[in-house]
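*Asks:* So that we are looking at the same thing, I have put the structure below in structure tokens.
The values are calculated or read from the model by the stated rules, or taken from the named source; none is laboratory data. No experiment lies behind these values; they were computed from the predicted model shown. Here the Cβ is made from the backbone with ideal geometry for all residues, glycine too, and neighbour counts use every protein chain on show. For the accessible areas, the whole protein counts, side chains as well, though only heavy atoms, and no ligand, DNA or RNA atoms are used. Shrake-Rupley method; radii C 1.70, N 1.55, O 1.52, S 1.80 Å.
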Amino acid sequence: GMEQESATDLGGLRRGLTGAQRAFVNALWAFYRDHDQWVPARLLRQHFGKDAVRAESVALGESVVRQYREAGKEYYRLTFLGVLLADGGEASEALLVRYLEYVRDRYRADSRVEWVASQEVEAALGLQAEQSRLLRQLLRLSHWWGGGSAFGDREWTVGVPVDVDELAEEGDLANYVRAHVLRHFPTAVSAAAGP
């Protein structure tokens, strides 16, 4: 049914990337992972060449990659869908699912829970520092955190997601994540499907 289709779409999108598109997406994600910020357009053009940058970002479309300006400088960023399409996207997805399951279980045990701290999550999920950092980056880029979150370098605190009550009723969070991501970035799926 519907669930099966949406569950395979993300995999289909990953497989549908050309080698050049994959290299482009990976470069953006690698830069963010290393620097905790998106890549300046200037650097990207130096690396890939101006024409290639334009061609790849047009081919990938707004649901995967976006250009923006901040303080007079130009940057390229991935959408959350773009992050999940990068190499290691399956691992990112799996980590996010484990986190959401943790939040869901916390909420089921005590519906007054408002905050989640990195130390608790690391302990509960048995995360290494590197995984904890990745999770922090994923949460920051996704919308799965509530107001007033603080993303420190080593430690972070996030508010529980606004739709935590929705989560509480979910049996299959892997499916929930995929359906959610695809619902928020529908153009990629229709573009990938082709004429």
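*Asks:* List every residue pair whose Cβ atoms lie under 7 Å apart, where the two residues are 6 or more positions apart in sequence or sit on different chains, the first residue falls within the range 29-50 and is within 26 Å of LEU139 (Cβ to Cβ), and the second residue, located anywhere, is among the charged types (D, E, K, R) and exposed (fewer than 13 other Cβ atoms within 10 Å of the Cβ).
*Replies:* PRO40/LYS73
*Asks:* Moving on. May I ask you to list the residues in the range 156-167 that are over 13 Å from TRP115 (Cα atoms) and either open to solvent by 20 Å² or more (accessible area, probe 1.4 Å) or without any contact (Cβ under 8 Å) to a residue 40 or more places away in the chain (or both)?
*Replies:* Across the range 156-167, the qualifying residues are ASP163, ASP165, GLU166.
*Asks:* Among the residues of the range 48-60, is any among the hydrophobic types (A, V, I, L, M, F, W, C), outside any helix (DSSP H, G or I) and exposed (fewer than 14 other Cβ atoms within 10 Å of the Cβ)?
*Replies:* no
*Asks:* Restricting the search to the range 19-47, which residues are part of a helix (DSSP H, G or I) and loosely packed, with under 13 Cβ neighbours inside 10 Å?
*Replies:* Answer for the range 19-47, where residues must be part of a helix (DSSP H, G or I) and loosely packed, with under 13 Cβ neighbours inside 10 Å: GLY19, ASP34, HIS35, ARG42, GLN46.
*Asks:* Additional query: From the list ARG104, ARG112, which residue is of a type in the set (D, E, K, R) and either closer than 29 Å to GLY12 by Cα or modelled with pLDDT of 95 or more (or both)?
*Replies:* ARG104
*Asks:* Please work out which one of (1) closer than 30 Å to ALA20 by Cα; (2) modelled with pLDDT of 85 or more; (3) among the β-branched types (Val, Ile, Thr) is the condition THR157 fails and give its number.
*Replies:* Just one mismatch for THR157, condition (1).
*Asks:* How many residues are at negative phi, part of a strand (DSSP E or B) and either open to solvent by less than 20 Å² (accessible area, probe 1.4 Å) or out of contact with any Phe, Trp or Tyr (no Cβ under 7 Å at 6 or more places or on another chain) (or both) if we restrict to the range 136-155?
*Replies:* Looking only at that region, the number is 4.
*Asks:* Of the residues in the range 168-180, how many are open to solvent by 30 Å² or more (accessible area, probe 1.4 Å) and farther than 27 Å from GLY12 by Cα?
*Replies:* 1
*Asks:* While we're on this one: Taking only the range 105-135 into account, find how many residues are in a helix (DSSP H, G or I), among the charged types (D, E, K, R) and open to solvent by 60 Å² or more (accessible area, probe 1.4 Å).
*Replies:* 6
*Asks:* Given GLY16, GLY89, which one is surrounded by 18 or more Cβ atoms within 10 Å (Cβ to Cβ) and either of a type in the set (Lys, Arg) or in contact (Cβ under 8 Å) with a residue 40 or more places away in the chain (or both)?
*Replies:* Step by step, each of GLY16, GLY89 is checked, and only GLY89 is surrounded by 18 or more Cβ atoms within 10 Å (Cβ to Cβ) and either of a type in the set (Lys, Arg) or in contact (Cβ under 8 Å) with a residue 40 or more places away in the chain (or both).
*Asks:* With the requirement that a residue be free of Cβ contacts under 8 Å to residues at least 12 places away in the same chain and of a type in the set (Asp, Glu), what does the range 101-121 give you?
*Replies:* Within the range 101-121, ASP105, ASP110, GLU120 meet the criteria.
*Asks:* Within the bounds of the range 63-75, is there any residue that is among the β-branched types (Val, Ile, Thr), within 22 Å of HIS184 (Cβ to Cβ) and assigned to a strand (DSSP E or B)?
*Replies:* Within the range 63-75, one or more residues are among the β-branched types (Val, Ile, Thr), within 22 Å of HIS184 (Cβ to Cβ) and assigned to a strand (DSSP E or B).
*Asks:* Tell me the residue from LEU138, LEU127 that is within 19 Å of the chain's Cα centre (by Cα), modelled with pLDDT of 90 or more and closer than 27 Å to ARG66 by Cα, please.
*Replies:* After applying the criteria, what remains is LEU138.
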